[in-house]
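Just so it is clear, none of the values below were taken in a lab; they were calculated from the coordinates. These numbers come from a predicted model, not from an experiment. We place every Cβ from the backbone using ideal geometry, glycine too, and count neighbours over all the protein chains shown.
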Amino acid sequence: MSELSPKIDGIAEGQIEKESGPWRDAWRSFRKSKVAVVGMVVVVFFVLLAVFAPFIAPQGINDQNMADRLHPPSAEYWFGTDDFGRDILSRIIHGARISLAVGFFSVIGSVVVGSILGIVAGYYGRWVDIIISRIFDIMLAFPSILLAIAIVAVLGPSLQNALIAIATINVPNFGRLIRSKVLSIKEDEYITSAKAIGMKDVRILFSHILPNSMAPVIVQGTLAIATAILEAAALGFLGLGAQAPSPEWGKMLADSRDYLQSAPWTMIFPGLAIMLTVLGFNLMGDGLRDALDPKMKS
Amino acid sequence: MRKGKLWSLALIMLLVLSTALAACGDDGKKEGASNSGDSGKSGGKEKTLVFGRGGDSTSLDPSRVTEGETFKVTVNLFETLVNFGEEDTTIHPGLAKEWETSDDGLTYTFHLQEGVKFHDGSDFNADAVVANFARWAGGDAEMFPYYSSMFGGFNGDEEAVIESVTAEDENTVVFKLKRAQAPFLKNLAMSMFAISSPEAFAKGDDDYERNPVGTGPFKFVEWKPNDSITIEKNEDYWQEGLPKLDKVVFRSIPDNAARLNALTIGEIDLADGINPSDGEKIENDSNLQLFERPSMNVGYLGLTVTRPPFDKKEVRQAMNYAIDKQTIIDSFFEGRAEMAKNPMPSSISGYNDDIEEYEYNPEKAKELLKEAGLPDGFEMELWAMPVPRPYMPDGTKVAEVIQKNLADVGIKAKIVSYEWATYLDKASKGEADAFMLGWTGDNGDADNFLYVLLDEDNIGSNNYTYFKNEETHKLFLEAQTEVDEDKRNELYEKAQEILHDEAPWVPLAHSTPLLGGAADLTGFVPHPTGSDLLSNVDFK
């Protein structure tokens, strides 16, 4: 997704530094896009579900009730029950916690590591840049899910390791984004003047260059949460992510495969939950990109 | 306006996509149907049976392994001196047309079928039988793991049962035993002691594993690892009119749902490992028929007695009280299983029906844990098999029920799984706290369950729990040489009492494995050992 960066490169630096103006503009243009607002509403809805899961969910995640196994959706079980007689609605609500947490924290992880590497590569250039950029290239040469599977295979299957794997595979995306941004910013006059008055590298990097490179990262980050959720679900589906009895959505899908024909609700609802959150983050991310991209301003 | 265009574009895309997908579905069906039509119905053409199963064979030399997927193929390539009945484990003539036993049970004389040839053209005769037994007796446990389990040991071992095998004339073989062995004929009928062509295995064991040569109704054609094994009709087969099929392809389709799907669309003609939950669907489908394999297996949760806290008898008994077997059977076997209380199924003689099983009683389990000094429970790893097995259709699902049952009495279990070969290897080294496993009997004798699975002699091979008990060891060895059926059963009944009290296992279920076949398939009779002879199978 690094093709986003050239578009965003055009943001005038001053706009972002004075907080209120440009951000308010961005919010106004974000609001104009109905699709983006819908996306945001979906995201907020799932975030609320996740935060208040224990209060909302009618049952616990592992309340097995074998007498009612594979019960179709009804007044008692809105989304039906799975093959252990567990309430699917409750599991999906709790599952939102897992998926959003994986999405959010893995992206934070990749943003932090990616930013540091990207800034260092972009600012110092030369051999530092060559080494870091080549490492990114090598990582990007692998299909990302394959790399994630390999990492989990080494670390052992668990939710935490799945999170680490997803964070790792997304590092080069953010690293390259920041690096290209830094490359253009460091040629700007205010950086030259900062150097001229003898400011230290660290201070230039973190108080001038970093804040000015953040806009594309926010956009990319929102979109990356969506892919991270999908990747976590994929790993869960393959049995490499969350372990039983955790209500991870991908794992719920995998566990219900045998009942695709006889009890379709066991697959439909977790599938819908994945689809809606990913769609929500994607729509919101698109809206953010349009809002933060000056070229789109009319 | 732009939005309107976008919507109509999306609609068109959806329509195109759905037509394309619908077309795909149709194609698949037609192709599948015409395939099976070609192979099955038109009498003049080649009749090919495609047998879908859960896993690939590990070897095609049956004496080298103890694993059922191998025997499923080799039972059709090789023959044994004596055979099992079509659907039970009674003894019938095989390569030996008749035999005599001396009164002391120490000498067996076999008269062999005449005019039988191996697939490579060499003659089957008494010398070939001698050469096969010489090969096995000269090996070691690594080479021929099952030989020592069944016949006490190899050349020079003190406990070895067979003293000598000699060819009296061209078609007569004499076995001399050191001590009487009650299940001797049953052991000889097991697929792993099938007679190979001595010329073929002389070329080297590793080469032979991939190029098997027997006397059976089918000949080996090719083996694509993890995909398929193809065998074809042996035109010179000594039994007139058999086999009826021209070709059999064993295809590995690990996923149960995918295998059933392949059966429904006609890609395969016969499928084993049908999910119990799909049994009814097959019964109601006029294009398919359901087969029930006579149950001769046990699925269990093994407790490795060398690993604390399972070294304490109370803890092992507590596990037995904590697990709700009835729910497991109702939910994941769809009732197509019998609840297990002994390590072997009730159809086997020597079964002790007087044993009172541990009922589902979490309170009792907690009490026992308290007695063992673990009032707050403990943490453990619960190993679940990654693949469906005939005795356990869905290991990980059952493990989840057990996990919940254990949590109810305060035991925190973490479900662990490895790839199947690794799983067995690690479990046999005693690395699991508690592991799910099972066993399908290979000869229908109590010895093949109790001694093979729970005696100290088999630690490291099939006794995964490392359970050791002097009393049962004595009983097992005594029963092996006891020729009187009633006395023998008494010994086994006594052993089961001790095993019940010591509780190295939580016996779970004796399942009825299901198979599905195309409706026009005839002559297929599932065998309790899991190895099905296909020479009588035909298409209508």
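Using the crude model of +1 on Lys and Arg Cβ and -1 on Asp and Glu Cβ, and no other charge, please compute the dipole size for chain B relative to its Cα centre, in debye to 20. Kindly include the intermediate steps, with their values, before the conclusion.
Working: 52 positive and 96 negative charges, 561 e Å.
Charge dipole, chain B, about its Cα centre: 2700 debye, nearest 20.
Charges were assigned to the Cβ only: +1 to each Lys and Arg, -1 to each Asp and Glu. The resulting dipole of chain A about its Cα centre is roughly 740 debye.
In the range B:120-243, a dipole from Cβ-located charges (positive for Lys and Arg, negative for Asp and Glu) runs towards its positive end, and of B:131, B:145, B:166 it is B:145 whose Cα lies farthest in that direction.
The peptide list B:68-79, A:154-165, put in order of mean Cβ contacts within 10 Å with the highest first, becomes B:68-79, A:154-165. Note: the range B:267-311, Cα convex hull, 130 Å³ per residue. Remark: mean inter-chain Cβ contacts per residue of B:185-195 equal 0, using a 10 Å Cβ-Cβ cutoff to other protein chain atoms. Kirkwood hydrodynamic radius, chain A, all distinct C-alpha pairs: what's the number in Å? It works out to 20.9 Å. With Rh defined as the Kirkwood radius, the inverse of the mean 1/r over Cα pairs, the Rg/Rh of the range B:215-279 is 1.07.
How many times 2.2 N^0.38 Å is the alpha carbon radius of gyration of the range B:482-532? The partial results should precede the final answer.
Details: Rg = 18.1 Å, N = 51, 2.2 N^0.38 = 9.8 Å.
After normalising by residue count via 2.2 N^0.38 Å, the value is 1.85.
Quick one: compute the contact order of chain A, relative version, from alpha carbon pairs under 8 angstrom and 6+ residues apart, as a percent. With pairs under 8 Å counted, the relative contact order is 29 percent. Shape analysis of the range B:121-161 based on the Cα gyration tensor places the equivalent ellipsoid semi-axes at 22, 10, 8 Å, largest first. Here's the picture: charge each Lys and Arg Cβ at +1 and each Asp and Glu Cβ at -1 in the range B:472-517, and of B:511, B:500, B:475 the one pushed furthest to the positive end of that dipole is B:511. Pairs exceeding a 32 Å alpha-carbon distance, out of B:203/B:233; B:97/B:178; B:370/B:414; B:219/B:325; B:47/B:325; B:97/B:247: B:219/B:325; B:47/B:325. When the charge dipole of the range A:85-165 is built from unit charges on Cβ atoms (+1 for Lys and Arg, -1 for Asp and Glu) and taken about the Cα centre, the candidate among A:85, A:164, A:125 whose Cα reaches farthest toward its positive end is A:85. Straight-line reach from residue A:195: taking Cα to Cα under 20 Å and skipping same-chain neighbours fewer than 8 places apart, the lysines in range are A:181, A:186. Across q = 0.20, 0.23 Å⁻¹, the range B:447-540 modelled as identical point scatterers on its alpha-carbon atoms has Debye log10 I(q)/I(0) values of -0.96, -1.14, in the order of the q list.
Please quote Rg/Rh for the range A:30-146 to two decimal places, taking the Kirkwood radius as Rh and restricting both calculations to Cα atoms. Write out the running numbers ahead of the final one.
Values: Rg = 21.8 Å, Rh = 18.1 Å.
Using only Cα positions, Rg/Rh for the range A:30-146 is 1.21.
Quick one: if you take sqrt(5λ) for each eigenvalue of the C-alpha gyration tensor of the range B:122-220, what semi-axes come out, biggest first, whole angstrom? Write out the running numbers ahead of the final one.
Values: eigenvalues 96, 55, 32 Å².
With the √(5λ) rule applied to the range B:122-220, the semi-axes are 22, 17, 13 Å.
Based on C-alpha pairs under 8 angstrom that are at least 6 apart in sequence, the range B:417-484 has a relative contact order of 26 percent.
Note on residue A:188 and residue A:44: with the Förster distance fixed at 56 Å, the Cβ-Cβ geometry gives a FRET efficiency of about 0.95.
With N set to the residue count of chain B, report its C-alpha Rg divided by 2.2 N^0.38 Å to two decimal places.
Numbers: Rg = 25.5 Å, N = 540, 2.2 N^0.38 = 24.0 Å.
Cα Rg divided by the expected 2.2 N^0.38 Å: 1.06.
Could you give log10 I(q)/I(0) at q = 0.24, 0.28 Å⁻¹ for the range B:406-462, computed by the Debye formula over C-alpha point scatterers of equal weight, without solvent? After summing over all Cα pairs, the log10 values are -1.02, -1.15. In this Cβ point-charge picture (+1 for Lys and Arg, -1 for Asp and Glu), the protein assembly as shown has a dipole of about 6720 debye about its Cα centre. When B:135, A:24, A:31 are sorted by how many other C-beta atoms sit within 10 angstrom of their C-beta, beginning with the fewest, the order is A:24, A:31, B:135.
State the number of lysine pairs found in the range B:426-535 whose Cα atoms come within less than 17 Å, restricting to pairs 8 or more positions apart or on distinct chains. Spell out each step's value before the answer.
Details: B:429/B:468; B:468/B:494; B:474/B:487; B:474/B:494.
Lysine pairs, 8 or more places apart or on different chains, close enough: 4.
In this rough spin-label picture, where each label sits 7 Å from Cα along the Cβ direction, the residue B:536-residue B:170 distance is 3.2 nm.
Taking Cβ atoms as reference points and 14 Å as the exclusive limit, the residues near residue B:379 contribute a net charge of 0, counting Lys and Arg as +1 and Asp and Glu as -1. Could you check how many percent of all C-alpha pairs in the range A:171-298 are farther apart than 22 Å? The calculated P(r) of the range A:171-298 puts 56 percent of pairs beyond 22 Å. For the residues of A:256-263, the average number of beta carbons from a partner chain within 10 Å of their own beta carbon is 4. Debye sum, Cα scatterers, the protein assembly as shown, no solvent: what log₁₀ I/I(0) at q = 0.05, 0.08 1/Å? For the protein assembly as shown, the Cα-only Debye profile gives -0.38, -0.84. Each peptide in A:216-227, B:287-298, B:471-482 receives the mean, over its residues, of other Cβ atoms within 10 Å, and ordering these scores from highest gives A:216-227, B:287-298, B:471-482. Net charge of the neighbourhood of residue B:525, taken over other residues with C-beta under 9 Å away and scored Lys/Arg +1, Asp/Glu -1, is -3.
If you wrap the range B:252-388's Cα atoms in a convex hull and average its projection over all directions, what's the area in nm²?
Working: hull surface 43.5 nm².
If you wrap the Cα atoms of the range B:252-388 in a convex hull and average its projections, you get 10.9 nm².
Overall size of the range A:111-253 from C-alpha positions, given as principal axis extents largest first: 60, 26, 19 Å.
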